[in-house]
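For reference, the structure discussed in these notes is given below.
Here, each number is a calculation from the coordinates, and none is a lab measurement. Treat the numbers as computed from the prediction; the structure is a model and nothing was measured. Glycine also receives a Cβ, built like all others from the backbone with ideal geometry; neighbour counts cover every protein chain displayed.
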Amino acid sequence: MARFLLIHGSCHGAWCWRATAEALARLGHAARAIDLPAHGSDPTPAAVATLQGYADAILAATDDPCFHDGPAVLVAHSAGGYPATLAAALAPGRIGQVIYLCAYVPVPGRSMIDLRRAGPRQPLAGVVRADSGGVTYSADPAGARRTFYHDCPEGAVADALPRLCPEPIAPQATPLPAGTETPPQPRHYILCKDDHTIPPEYQAEMARPFGPAVSRLPCGHSPFLTAPARLARMLSDIAGTAPLPSAPGLR
């Protein structure tokens, strides 16, 4: 049995993982999704959200009893790649593996926003807009439907769109501290071949350092809504191949 900790990306929350967490449970795994600060039901004001605060929230979640008998397998979607990487680097005993789901992979000295701007194409141009104070950005519903959810079932899209929240800008404009960009745990990348948010060719470039630890899904940017059962099976298979540390001495 693996123990999955599911980390959402921009404008989302724990809600987006519901079907995937249920599918993982049916496969015999434990799975928990969290709201990062200023997302979902978390009350943190967006103006005080930080990248370190996101990592702290991830590490706090590993205090859940389901992780007491073994390390967490972090699954980080999209922008979640940055805080998940930082959390894994800061507490290697608590995290056994990091799986990047069509996610940004940190590089030294560059923020997530830097990486997005460096992409070969800019699918989110005109889709996300900063507020007048520059504290958050929000996704236009029509644009989100086109980029985040183009291949998702209509019912899932109708449920997701009203749940999208403003995304704090400061955490995404913050590079990781030097030396934390590559955590010591095994890493795996899941590339989404029909992604309309992060170009698949850019995902392939970011995943190149992972060598053979790359899997592919024939779907868009939100496989947790498009194909949750298939995603769960892939996560189960990936977690089964990682040399996870044993429970004693985790903390």
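For the reader, a short list of remarks on this structure follows.
- With 0.36 nm allotted per residue and the present C-alpha distance subtracted, the residue 140-residue 208 stretch has 21.3 nm of extension available.
- Cα-based shape type of the range 121-229, given that a ≥ b ≥ c are square roots of the gyration tensor eigenvalues and the cut on a/c is 1.5: oblate
- Charge dipole of the range 3-241 about the Cα centre (unit charges at C-beta), most positive-ward option of 168, 66, 82: 82
- Scanning the chain for cysteines with no neighbouring cysteine C-beta under 4.7 angstrom from their C-beta gives 11, 16, 66, 152, 165, 219.
- The dipole here belongs to the range 60-197: it is taken about the Cα centre, uses +1 on the Cβ of Lys and Arg and -1 on the Cβ of Asp and Glu, and is about 440 debye.
- Only the Cβ atoms of Lys and Arg (+1) and of Asp and Glu (-1) were treated as charged; on that basis the dipole of the range 1-67 about its Cα centre amounts to roughly 260 debye.
- Taking each residue as 0.36 nm, the span from residue 182 to residue 56 lengthens on full extension beyond its C-alpha to C-alpha distance by 43.6 nm.
- Cβ-based charge dipole, the range 3-241, positive-most Cα from 228, 20, 199: 199
- For the range 3-241: relative contact order, % (alpha-carbon pairs under 8 angstrom, 6 or more apart): 24
- Semi-axis lengths, Å, the range 44-165, gyration tensor of Cα atoms, sqrt of 5 times eigenvalues: 27, 18, 15
- The residue 193 and residue 26 beta-carbon pair, evaluated with R₀ = 30 Å, returns a calculated FRET efficiency of approximately 0.75.
- Efficiency of FRET between residue 154 and residue 121 - r from beta-carbon atoms, R0 25 angstrom, step 0.05: 0.45
- Dipole magnitude of the chain, debye to nearest 20 (Cβ charges: Lys/Arg +1, Asp/Glu -1, about Cα centre): 400
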